[in-house]
Amino acid sequence: MEKSIQGSENLLGFRKEVFMRDDELPNYSEAEYLGDLGVRIVDEIVSDKLNMIFRRKEQKDIGIDAEIEIVSETRKGTGRLLALQIKCGNSFFEETNESGYIFRFSKAQYNYWSNFSIQVIIILCNPDTRVAYWESMTANSIIHLTKSCKITIPYNKVLSRESKYSIEELANRKQDSDIAELALFRLLHDKYIGRIKIAPIAEEPRDFQGLSYIVNIDEEIFMVGMHYDRYGKIIAEDLKKFKPLYEQNMRSMAWDIYHKEAKLLLFIISKSKAALELSNEVIEYIQSLKFIEMSRAVYSDFIIPSVTELDESNQEIYFY
């Protein structure tokens, strides 16, 4: 089918019509329409019903479509953020179980979302009813399959005024990784009691970055790093950040000159003991890094948050 569009003016000042076929015009696909529709649906709910700030991400195909910022009762921005992955289309509502809609995603998407610095929420939008359902990504909500992952978006978690408190609580919650890092301080003290000195933040070199602590154990200097497992699965890719961090800190603090033998005490921490049963791939990768001494520890937030080291048989080690 031919379409007529206005062209340039001719010598007499009249505009000429140029006839073009449909295949010569830009395409706005169904997928693009649904993607935009989903963002518009969530924007309306967040802005008008939750009274929060909605910020659309213009960068496409990265994995995060928008952010929510919590607003105080006096209409002030709080800096408390949540990241949103928004999906819209009838196809996302075809697979269900007794609890909700099943959303499947790739390992690459999992890796990206699990490394995100703020909490990620998955939102499914029904294009016909314009109802949106949501769930936060946690170790308990994600199921790991052989080559992919899945999460159940509950039928009863509708994004609406009634979900405002839950959304605010999620954004205001301190990250378990931050609390675990503080609990690690206590573990180090108990494990090496009487033998360790942990450098206060004020005494750390300005160039010390990306790791948790600098410690002196039996007059030997170490860096201490921590990987906190947020989603119940530990892969070698998660740990590859520690090699450049170690090398960067060795250079910036001149330890490559004065403390050439310094090692990195790496604590891999998770709420799940099962996740701490590391795969052969992870173990082999860690063993290939001669500067790392690795320990595994389980995190608990029951009453008083704590980090407890595990032995080779996955049993807790208590230091008194």
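The values are calculated or read from the model by the stated rules, or taken from the named source; none is laboratory data. Please read these numbers as outputs of a predicted model, since none were measured by experiment. No Cβ is skipped: glycine too gets one built from the backbone with ideal geometry, and neighbour counts run over all protein chains shown. These accessible areas exclude ligands, DNA and RNA; they are computed on the full protein's heavy atoms, side chains included. Shrake-Rupley method; radii C 1.70, N 1.55, O 1.52, S 1.80 Å.
Scanning the range 151-177 for residues being within 17 Å of the chain's Cα centre (by Cα) and either over 30 Å from Asp43 (Cβ atoms) or among the hydrophobic types (A, V, I, L, M, F, W, C) (or both) gives a total of 4.
Based on what the data block shows, is Asn111 modelled with pLDDT under 85, closer than 28 Å to Ala275 by Cβ and open to solvent by less than 70 Å² (accessible area, probe 1.4 Å)?
Numbers: modelled with pLDDT under 85: yes; closer than 28 Å to Ala275 by Cβ: yes; open to solvent by less than 70 Å² (accessible area, probe 1.4 Å): yes.
So Asn111 passes the test.
Could you tell me which residue of the range 102-150 is nearest to Leu81 (Cα to Cα), considering only residues that are within 11 Å of the chain's Cα centre (by Cα) and of a type in the set (Phe, Trp, Tyr)? Looking at the filtered set, the residue picked out is Phe116.
Anything in the range 199-218 that is surrounded by 12 or more Cβ atoms within 10 Å (Cβ to Cβ) and small (Gly, Ala, Ser)? List them, or say none. Once the filter is applied, which keeps residues that are surrounded by 12 or more Cβ atoms within 10 Å (Cβ to Cβ) and small (Gly, Ala, Ser), the range 199-218 yields Ala199, Gly210, Ser212.
Scanning the range 46-65 for residues that are in a strand (DSSP E or B) and within 17 Å of Ser160 (Cα to Cα) turns up Ile53, Phe54. Of the candidates Asn115, Asn90, Asn126, Asn111, the single residue that is over 16 Å from Lys147 (Cα atoms) and touching a residue at least 40 places away in the same chain (Cβ under 8 Å) is Asn115.
Counting the residues of the range 228-271 that are among the hydroxyl-bearing types (Ser, Thr, Tyr), closer than 20 Å to Asn111 by Cα and modelled with pLDDT of 90 or more gives 2. Filtering the range 173-201 to residues that are farther than 30 Å from Ile118 by Cβ and in contact with a Phe, Trp or Tyr (Cβ under 6 Å, 6 or more places away or on another chain) leaves Asp190, Lys191.
Where strands (runs of 3 or more DSSP E) fall entirely within the range 117-195, those with at least 1 residues that are open to solvent by 50 Å² or more (accessible area, probe 1.4 Å) and among the aliphatic types (A, V, I, L, M) are at 142-144.
Restricting the search to the range 200-215, which residues are farther than 15 Å from Leu264 by Cα and assigned to a loop (DSSP other than H, G, I, E, B)? Hits for the range 200-215 are Pro200, Glu204, Pro205, Arg206, Asp207.
In the range 95-108, of all residues being over 22 Å from Ala66 (Cβ atoms) and touching a residue at least 40 places away in the same chain (Cβ under 8 Å), the one that is least open to solvent (accessible area, probe 1.4 Å) corresponds to Ile102.
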